[in-house]
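The values are calculated or read from the model by the stated rules, or taken from the named source; none is laboratory data. No experiment lies behind these values; they were computed from the predicted model shown. Only protein heavy atoms, including side chains, enter the accessible area calculation; ligands, DNA and RNA are left aside. Shrake-Rupley method; radii C 1.70, N 1.55, O 1.52, S 1.80 Å.
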Amino acid sequence: MDNQAYKHPYGQNVPPPGYAPQYPQQMHQSSSNVTVVTAGGFQPAPVIVTPPERDWTVPAVMVTLCCFFPTGICAIIAAVNARSQFLAGDTEGARSSNAWARGLTFASIGFGVAWIGVVIALYIWVWSVATSLNGY
């Protein structure tokens with residue numbers, strides 16, 4: 001027999017008896033080196049890690065308890081919102097909410113100090129009027 005394909009009785013071409021089937025050779029080579037090929041000139045973008053802004057939650061709670069609670073509650077909400085936005089990856093929204101929390105915290109301190117000043121001034125005024133009427 002020659003090296004041509006042997007004609008099977010059902011019409012299929014098979015190699016002649018005694019010859020192994022000819023398949024494309026595949027190279028199996030184990031290696032610990034890994035090569036990554038990217039198509040189209042894709043370059044991975046550098047990851048920019050932004051440090052977290054200052055967390056204003058604790059100062060907001062403190063001014064709520066010690067100074068002026070209406071703006072303090074708003075400061076707490078803004079501070080918690082800023083933290084949630086930062087954890088979600090929205091750094092611009094987190095910076096905006098953080099600025100609101102900072103502003104409301106300082107406003108609470110200002111309102112609290114002003115309120116304490118007004119109370120002290122009223123106490124002094126009432127005491128002075130009361131002592132002048134009693135003749136002390």
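At-a-glance table
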| item | result |
| --- | --- |
| Order of exposure, largest accessible area first, which applies to Leu122, Leu104 with probe 1.4 Å | Leu122, Leu104 |
| Length gained when the stretch Val118-Ile77 is fully extended (0.36 nm per residue, less Cα-Cα span) | 12.0 nm |
| Square roots of 5 times each gyration tensor eigenvalue, C-alpha, region 85-136, largest first, Å | 48, 6, 4 |
| Solvent-accessible area of Arg83 with every protein chain in place, 1.4 Å probe, in Å² to the nearest 10 | 110 |
